[in-house]
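Only the coordinates and a few stated rules stand behind these numbers; no lab work does. This is a predicted model, so every value here is computed, not measured. Note that we place each Cβ from the backbone using ideal geometry, even for glycine, and neighbour counts take in every protein chain shown.
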Amino acid sequence: MRRTYGYRDFTIELEVESVGGIARGNGLSVPEGYIGVFHIFLGARPATIQPLRFGRDNGCPVPTEVETLMRGHVVAQRIVGGTITASTARPAR
């Protein structure tokens, strides 16, 4: 699953990947969980942030694809916000 979000002047691309799996007879396996991978672009070019992978706070996979998308969106917004704040911070005189 892949989603693209706009946030400020940035574009956030978020992909959800399944992790592991439990085989169910001859059918498809059921994933243990999901991780997210996001890329952040400034306009049409990649920002200075490398693609990041994430799961839950304890390092385990996220239980659902929807939760992975929601967490990824929030994390990317925080990173973009921190990048903008860091780039506009000026020393006091």
Built amide H within the under 5 Å cut-off of residue 52, gap 5+: 38
Segment residue 1-residue 50, length gained on full extension (0.36 nm per residue, minus Cα span): 15.6 nm
Calculated FRET value between residue 18 and residue 74, using beta carbons and R₀ = 22 Å, to 0.05: 0.60
